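Quick notes on the structure that follows.
The values are calculated or read from the model by the stated rules, or taken from the named source; none is laboratory data. Everything numeric in this text was worked out from a predicted model, so none of it was measured. All Cβ positions, even for glycine, are placed from backbone atoms using ideal geometry, and neighbour counts span all protein chains on display.
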């Protein structure tokens, strides 16, 4: 007796496809970039309203006054988004890869990644500050300067180079961090160059740090 396997039915979803994203300006800019690339890759999508952005507030966004390590780690920027994906409220999600845990939840797949952006970090000083020497960028920081950062990696490297510096927790979106340096709440901060570029704010970098001065995260 011969067993006949029925043909696979095409996988179809109702339009528009729901794209899950965090609500920060950077997250939305990255989502817009990804959706634009999808339209470019698939000509049939051009000119069609096939995507619908769904902004999801994550625990990592909601709790800004504590270090991530104290509240569950970087996975908290993705937890609620993945729950929405598992429950069918969205069709796919767009993340920064750095915000994902090593092991994804059951039923969630890393489907693709975009071409790697510039991975270097930048030093942010008040706009009134003089030009920074690329050969010795940390010399621009006064003795005992207060540096705002939530990154253990950045703090450890900068502390190694300048033990006199003081570090305080600084979380929030890119605009918030830039503003707190500009208003003098902090003397400096460190940000990802990729994020500034995606927001059209690359000119806000006082200096782009070479890997010799700050080893990138990826």
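Examine segment 204-218 for a residue that is in a helix (DSSP H, G or I) and within 18 Å of residue 27 (Cα to Cα), and state whether such a residue exists.
no
Return a yes/no flag: does segment 134-155 have any residue that is surrounded by fewer than 19 Cβ atoms within 10 Å (Cβ to Cβ) and on the phi > 0 side of the Ramachandran plot.
yes
Among the residues of segment 109-120, is any crowded, with 16+ Cβ neighbours inside 10 Å, touching a strand residue (DSSP E or B) at 6+ places or on another chain (Cβ under 8 Å) and modelled with pLDDT of 90 or more?
Scanning segment 109-120 turns up at least one residue that is crowded, with 16+ Cβ neighbours inside 10 Å, touching a strand residue (DSSP E or B) at 6+ places or on another chain (Cβ under 8 Å) and modelled with pLDDT of 90 or more.
Listed residues 85, 165, 141; which is over 18 Å from the mean Cα position of the chain (by Cα), in contact (Cβ under 8 Å) with a residue 12 or more places away in the chain and assigned by the TED database to the domain that holds residue 55?
Values: 165 fails: assigned by the TED database to the domain that holds residue 55; 141 fails: assigned by the TED database to the domain that holds residue 55.
On inspection, the qualifying residue turns out to be 85.
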